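Data first, discussion second: the structure below is written as structure tokens.
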Amino acid sequence: MNITDIHSPADIKGKSLAELQQICAELRKVLIKKLAAHGGHVGPNLGFLEPTVALHYVFDAPKDKIVFDVSHQTYVHKMLTGRIEAFVDPAKYDDVTGYTNPAESEYDLFSIGHTSTSISLASGLARARDLSGEKYNVVAVIGDGSLSGGQAFEGLDMASTEGTNFIVVVNDNQMSIAPNHGALYENLALLRETEGKAENNFFKSLGYDYIYVGQGNSLEALIAAFSKVKDSERPVVVHLNTVKGLGLPVAEEHKERFHFHGPFNPESGESTVADSGPDYIDIFANYMLDRMQRDPKTVLLTAGVPGAIGFGPSQREQAGRQFIDVGIAEEQAVAMASGLAKGGFNAVVGEPATFIQRAYDQLEQDVCINGMPVAFVDFYGGVWGMNDETHLGFLDIAMFSNIPTFLTLCPTCAEEYVAMLEYAISQKSQPVLVRTPGGRLVHRDGDFDFDYSKCSYETVREGAEVAIIGVGDFLPMALEAADIAAKKGLAVKVINPRNVSNLDENSLNELKSFRLVITLEDNQVDGGYGQKVAAYLAQFGVKVNVLGLPKALLDRYKAKELLEQHGLTPENIADIAVNC
């Protein structure tokens, strides 16, 4: 059949095995074409193509509830549930998100972009079903990489006690984003080696029935396994041995690189997007490798995302045991770093802003209360980070700068970034977060402090009536606005605060006579830095215009449009400075 005729799972029901295999071949062809042209999660979707078709062939969604963990492997699910046009028509490629989204379809139960949540979410659905006296299947899909997250264990531990229909599909492709880490994976390997017959079985130990599918990309084997567990009256795990990136040789060979990839040549695997040159992630990786080489007591930790912080296979090999990937377990990374610091090591945690928030309690409890001088470096913060509603990066300043004793530093350029990294790792007084700048790489002349123990603002440009305080990567915007205002006869003072956890009251006191202060921050305004400045200067009657990003869960926003919408352009800022 023509796959454009598939409008719901009902359209594949009753098809012969040969017909389903042909559908899979067509789906894979279309998927590779879109991924090569558009980019996206390559390996997860190609590897879970046949299981998705088999799930929708056997189960009866949306009556049966299927919850996908992370949901970055749901492109085929979307193709089978009325959204095929977004995969076959290039003009509609952006009509759907890269994750499940209930606003798109009744087949998408939750907006999910963070890992290890599907079992917990599905367990709630199962309890709701049982309390309501209804009958349908509840299926939680989870990858082996996601099993390392603590919430996955919590969900498994709880759901098995319900004693009713609850199906967990474990997609075991022997990979997370990068290679898996943790003792659990030794048991998964043992189960694969013994075709699921090993007496030592993690899932059975938690009370689950268990089925192993060695050919996890075989439609025939998948349909048989899913048919067997459909309408089961007990919790059961279906363990699939699949191939990440199946059907695209470069993705099969380079599984880590093709977990997510921008537009690429499907034959060679080479990117079709021009290399923009070195960036802040390169600076971080090079600095850390040098630091670890000269200081054997510096240790870098991350939670399953080494590539996101510049530590690919080569960098990990160079770092050796001074690099620790704990798997997708942010809480473990933060608490382990606290333990390392207690043991006399310079512990550094590198993590995207959207993921480090998963360990907020460990930051406040295990690190701050205990006064451990752990250095944190967050990535993809601010407006130029990831733009999915599940991966927003502009919540981090408000989140971290308000934890007592936690120092948040916002560098404005490459040189200041390195200076702040050096301070954060070397100091022994408190936990420090260095926010990796977003946007293009910026260099700035001058001498940069290597001691940020005291809150001391830097005056970048002098002025007498109006001041613009530009936080981190928004300092260039502040300087550009000052240039525009200067052409209109106004000399604007430009300040780099550096520290957004505390206020430099001496510097702020110098602004008492100013008619206007403007704060710019690459962060949501509510709870952010600008409001602290406004609250302090209010006692002197100083007018403060706080500019930043909205308190909103935005999805797939365009950075330039968002900045313009909230007045974050040099022209608008200069206009405020001149006319207010």
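A short reminder: the numbers here are calculations on the coordinates, not readings from a lab. None of these values were measured; they are calculated from a predicted model. Methodologically, a virtual Cβ is constructed for each residue, glycine included, from the backbone with ideal geometry; neighbour enumeration extends over all protein chains shown.
The GluC sites (Glu not before Pro) of the range 80-178 that DSSP puts in a loop, and whose beta carbon has at most 14 other beta carbons within 10 Å, are 106, 134.
Here the extension length gained between residue 103 and residue 297 equals 64.9 nm, from 0.36 nm per residue of separation less the Cα-Cα distance. Scanning the chain for DSSP H helices at least 24 Å long along the axis (C-alpha atoms) with a Kyte-Doolittle mean no lower than -1.0 picks out 17-38.
When its C-alpha radius of gyration is set against 2.2 N^0.38 Å (N residues), the range 458-579 gives a value of 1.00.
Calculation over all alpha carbon pairs of the range 79-137 in 5 angstrom steps from 0 returns a P(r) of 4, 16, 19, 19, 17, 12, 8, 4, 2 percent. Phi-derived couplings, Karplus 6.51 cos²θ - 1.76 cosθ + 1.60 at θ = phi - 60°, listed residue by residue for the range 502-519: 10, 10, 8, 5, 4, 5, 5, 4, 5, 9, 4, 8, 6, 7, 7, 10, 10, 10 Hz, with x used for Gly and Pro. Counting beta carbons within 10 Å around each of 518, 32 and listing the fewest first gives the order 32, 518. The slack in the chain from residue 558 to residue 16, taken as 0.36 nm per residue of separation less the alpha-carbon distance, amounts to 190.7 nm.
Taking every Cα-Cα distance in the range 381-463 and sorting them into 5 Å bins starting at zero, the pair-distance distribution P(r) comes out as 3, 13, 22, 22, 21, 13, 6, 2, 0 percent. Taken one residue at a time, the phi angles of the range 321-329 give Karplus couplings (6.51, -1.76, 1.60, θ = phi - 60°) of 6, 7, 10, 10, 9, 7, x, 6, 8 Hz. Gly and Pro are set to x.
Looking at the range 458-579, the DSSP beta bridges with both ends there are about 20 percent antiparallel. Estimated from the Cβ-Cβ distance and a Förster radius of 60 angstrom, the FRET efficiency linking residue 454 and residue 273 is about 0.90. Rounded to the nearest Hz, the phi-derived 3J(HN,Hα) couplings of the range 448-462 under the Karplus curve 6.51 cos²θ - 1.76 cosθ + 1.60 (θ = phi - 60°) are 10, 4, 10, 10, 10, 5, 10, 6, 9, 6, 9, 7, 8, 8, 8, where x marks glycine and proline.
Structural descriptor for the range 458-579: relative contact order 29 percent, calculated from alpha carbon pairs under 8 angstrom and at least 6 residues apart.
Sorted ascending by nearby beta carbons within 10 Å, beginning with the fewest, 186, 422 become 186, 422. For residue 204, a cut-off of 13 angstrom between C-alpha atoms picks up these aspartates and glutamates, skipping any fewer than 8 places away in its own chain: 157. Extension gain, residue 342 to residue 441: 0.36 nm times the residue separation minus the Cα-Cα distance gives 32.2 nm. Normalised by 2.2 N^0.38 Å, where N is the number of residues, the C-alpha radius of gyration of the range 1-130 stands at 1.02. The range 102-165 and the range 482-539 have their alpha-carbon centroids 47 Å apart. Set the Förster radius R0 to 35 Å, insert the Cβ-Cβ distance between residue 91 and residue 265 as r into 1/(1 + (r/R0)^6), and round the FRET efficiency to 0.05. Efficiency computed from Cβ-Cβ geometry: 0.95. Based on DSSP H runs of at least 4 residues, each adding -39500 (n - 2.57), what is the mean residue ellipticity at 222 nm of the chain after dividing by all its residues, to the nearest 500 deg cm²/dmol? The helix-only estimate for the chain comes to -10000 deg cm²/dmol at 222 nm. Between the C-alpha center of the range 1-29 and that of the range 185-236 there is a gap of 26 Å. Free of any trypsin sites (Lys or Arg not before Pro) that DSSP assigns to a loop and that have at most 13 other C-beta atoms within 10 Å, the longest stretch within the chain is 298-427. Size check on the range 229-305: the Cα extents along the three principal axes, sorted descending, read 58, 38, 18 Å.
Listed by Cβ neighbour count within 10 Å, with the fewest neighbours leading, 455, 410, 580 appear as 580, 455, 410. In the chain, the DSSP beta bridges split such that about 10 percent are antiparallel, to the nearest 5.
Note on the range 165-212: Rg/Rh from Cα positions, Kirkwood definition for Rh, rounded to two decimals, is 0.96. Based only on the alpha carbon positions, what is the Kirkwood hydrodynamic radius of the chain, in angstrom? The Cα-based Kirkwood calculation yields 25.6 Å. For the range 458-579, the number of Lys pairs separated by eight or more positions or lying on different chains, with C-alpha atoms closer than 24 Å, is 12. Taking only the Cα atoms of the range 400-527, the radius of gyration and Dmax are 14.6, 47 Å.
Distance distribution note for the range 99-167: the fraction of Cα pairs above 17 angstrom is 45%. Taken over the range 3-253, the ratio of Cα radius of gyration to 2.2 N^0.38 Å equals 0.95. By the rule of a C-alpha distance below 23 Å, with chain neighbours fewer than 8 residues away ignored, the lysines paired with residue 428 are 297, 342, 454. Based on Cα atoms of the range 280-435, Rg over Rh with Rh as the Kirkwood radius reads 0.92.
With viscosity 0.890 mPa s and temperature 25 °C, the Kirkwood radius over alpha carbon pairs of the range 189-335 converts through Stokes-Einstein to a diffusion coefficient of 129 µm²/s.
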